[in-house]
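What follows draws every value from the coordinates through simple rules; no lab data is involved. Fair warning: this is a prediction, and the values are worked out from it, not measured in the lab. No Cβ is skipped: glycine too gets one built from the backbone with ideal geometry, and neighbour counts run over all protein chains shown.
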Amino acid sequence: MERAFRRLDARLTIFEKVLIANSVIIAGGAVLGTWLTVNFAARFAVGLAVSFFITGVTITLVVNYVLLKFAFHPLFELRSTMEQVQAGNFAARTRSELGDPDIRLLARTFNDTLDRLDSYRRSVSAQILRAQEEERKRIARELHDETSQALTSLMIALEVATDRLPEGADQATEQLRRAKGIVARTLEEVKRVTVELRPTVLDDLGLAPAIRWYVKHYVEPAGLAVSLDIQGLEGRLEAELETAVFRVVQEALTNALRHAHASRVGVELLAENGTLRATIRDDGRGFDPARATGDGDRGLGLVGMRERASLVGGELAITSSPGAGTQVELVAPLNRGSGRAAG
């Protein structure tokens, strides 16, 4: 009986279900009312007739509610999925076998629309990130080839000018030395910005050497103790994957320094069984990941990490709570290139 009812439910449209339900209720109420009037109206008191009326109306409302609740359940489930998507869960999908033919068609159309939008979003995000990386390369190259060389030439000129000053020109010598110090600090800042934009070691040697170099020259000097464990990265990976993993590690280390105020952090990279797993754990003050999306630079950084993970077919998991440190884990499919050894 139940299976037959479900087959009938799957074949009828929601309009037909509502129409049949209300028709049955109305017809049943009319028949019952007529029968009561013919057989009992003359025999019983008015109070009893009112009781029959109230009972009939109550039963009618209850039956109508139950039937319509069942009929509209697929729409409620579809609405729940829409609310999840609206809240930011773009992976949410509704069951395509829901309810009647109209609802199933609506569910399939909704899922197909979400799939197309997600594909379009990924495509646009990939183009934006590729263009961003290319622009980073261009700016870093110009800073290295032009700005850094110009500052270096200026330092040499200041050094030469200082050596050629006559004896007793102490004030001028001091001013030139101060100027040289300013140029030296500016040159170091330009080098730092160049690395932040695009470290050349990533393009030249690959992911593992780039992370080791970045940690040694920029993270540890900032006061963060880092333990590195890199296994299985003997060869070059796809350029897009190397960039994505490096940016995720870089952002996680930056957050550990700027926001978490951590003192120690562990970085693990493991490539095995066709999968690359990158895990970054810090002992900082932690945060609530669910509320961090709109939290300024950190929120934008988390969104950027998720986008990069998604574009290489990976998944990013962030585990943290106030006072308990933070763990960032990226798992992505591993596609090896045929480049040079990654060291």
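Loop-located trypsin sites (Lys or Arg not before Pro) in region 144-187 (DSSP state not H, G, I, E or B) with no more than 13 neighbouring Cβ atoms inside 10 Å do not occur. The label-point distance for Arg285 and Glu315, in a model that sets each label 7 Å from Cα toward Cβ, rounds to 3.2 nm. Approximating the spin labels as points 7 Å out from Cα along Cα→Cβ, the Phe70-to-Arg93 distance works out to 3.0 nm. So which GluC sites (Glu not before Pro) in region 144-206 are both in a DSSP loop and have at most 10 other Cβ atoms within 10 Å of their Cβ? The qualifying sites are Glu167.
Remark: Phe72, Phe287 ranked as Phe72, Phe287, counting other beta-carbon atoms within 10 Å and listing the fewest first.
Here the label points at Arg79 and Gln127, each 7 Å from Cα along the C-beta direction, are separated by 3.7 nm in the simple model. The GluC sites (Glu not before Pro) of region 215-321 that meet both conditions, a loop assignment by DSSP and at most 16 other Cβ atoms within 10 Å of the site Cβ, are Glu234, Glu238.
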